[in-house]
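Remarks on the structure that follows.
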Amino acid sequence: MKVSLSVLNVDYMNAYESLKDIVDLVDYEHLDVMDGEFVPNISFGPDFVKSLKKVAKRPFDTHLMIMHPQNYIDKFVDAGSDYITFHVEADCNPMDVINQIKAKGVKAGISIKPKTSVEKIKKYLPYLDMVLVMSVEPGFGGQSFMENSIDKVKELKKLKDEFGYSYLINIDGGINNETAKFISPYVDLAVVGSYLTKANDKLDRLNLLKKL
Ligand code: DX5
Ligand code: ZN
């Protein structure tokens, strides 16, 4: 299974240092941007993304948990994002934001919160490069995996196979060596945060996940 490393739960003063043995071995870096309005937490902005881009070589999978993504697309494109994923529940016109991201030559993704059904984003699927299914309530790392997300990635895989859509299926929250087994048959990649960033045996754990 491909891994997108969430750098949310690190000591920001030595983020790179603490992740250096796996940061170039994961498939994507996952940047959790939070505005304190869309989610009850504030993380980091485009400048942090820009500084990490100077040292991290893998593609950037930027996850905007912000109320008005349309106001920040350019900043996160300029910061070096390869994928920009925003929430369908945010205060925006999703089709406009998809077009705004793609007009900058960056890949566009939509994320759905645990209470949001796949039905809500069906009409956008033909235009998306990524769908990010939240398997925790967005806002914090280290939460427990919510099993209702399994049906969503199953449904997204079925739709993708049936209609030939090209989006990557991604899942985010509470992914570890156990929960990864439930979803690895259906997803193209998975976001992993604390299972890796809080561990002493990061490399062993990463290799375990890659084998799934
Ligand atoms: C939560 C973030 C997730 C989180 C993943 O709002 O979107 O990316 O950081 O962290 P873990 O893997 O610890 O649940
Ligand atoms: Zn995330």
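The values are calculated or read from the model by the stated rules, or taken from the named source; none is laboratory data. This is a predicted model, so every value here is computed, not measured. Reconstructed Cβ throughout: ideal geometry from the backbone, glycine too, with neighbour counts over all protein chains shown. Remember, those area values only see protein heavy atoms, side chains included, never the ligands or the DNA or RNA. Shrake-Rupley method; radii C 1.70, N 1.55, O 1.52, S 1.80 Å.
Each Lys and Arg Cβ is given +1 and each Asp and Glu Cβ -1; about its Cα centre, the chain then shows a dipole of about 500 debye.
Reported to the nearest whole Å, the Cα centre-to-centre distance from the range 85-110 to the range 1-67 is 19. Build a GNM of the chain with springs between Cα atoms under 10 Å apart, and of 28, 165, 186 the one that fluctuates most is 165.
Taking the chain as a Gaussian network of alpha-carbon nodes connected by springs under 10 Å, the highest mean-square fluctuation of the residues 62, 116, 197 belongs to 116.
Please figure out what share of the DSSP beta bridges in the chain is antiparallel and state it in percent, rounded to the nearest 5.
Here the share of antiparallel DSSP bridges comes out near 5 percent.
Each label point was placed 7 Å from the Cα along the Cα-to-Cβ direction; for residue 208 and residue 144 their separation is 1.9 nm.
Starting from the eigenvalues of the Cα gyration tensor, five times each then square-rooted, give me the equivalent ellipsoid semi-axes of the range 2-211, largest first, whole Å. If you can, show how the numbers build up before the last one.
Working: eigenvalues 111, 88, 47 Å².
Listed largest to smallest, the semi-axes of the range 2-211 are 24, 21, 15 Å.
State which entries of 75/152; 54/104; 115/158; 57/113; 107/198 exceed 27 angstrom in Cα-Cα distance in the structure shown. Present the calculation step by step, with values, prior to reporting the outcome.
Values: 75/152 31 Å; 54/104 20 Å; 115/158 20 Å; 57/113 29 Å; 107/198 29 Å.
75/152; 57/113; 107/198, as the Cα separations exceed 27 Å there.
Roughly speaking, to the nearest percent, how much of the chain's 1.4 Å accessible area is carbon and sulfur?
For the chain, the apolar C and S fraction of the accessible surface comes to 50 percent.
Indicate the gyration tensor shape class of the range 31-108 (rounded, prolate or oblate), computed on the Cα atoms with a ≥ b ≥ c the square roots of the eigenvalues: a/c under 1.5 is rounded; otherwise a/b larger than b/c is prolate and the rest oblate. Note, shape of the range 31-108 comes out oblate. The residues of the chain have, on average, 44 Å² of accessible surface per residue, using a 1.4 Å probe with all protein chains present.
Here r is the Cβ-Cβ distance between residue 122 and residue 12 and R0 is 35 Å; the resulting FRET efficiency, rounded to 0.05, is 0.40. Within the listed set 11, 74, 129, the residue fluctuating most in the Gaussian network model of the chain (springs between alpha-carbon atoms under 10 angstrom) is 11.
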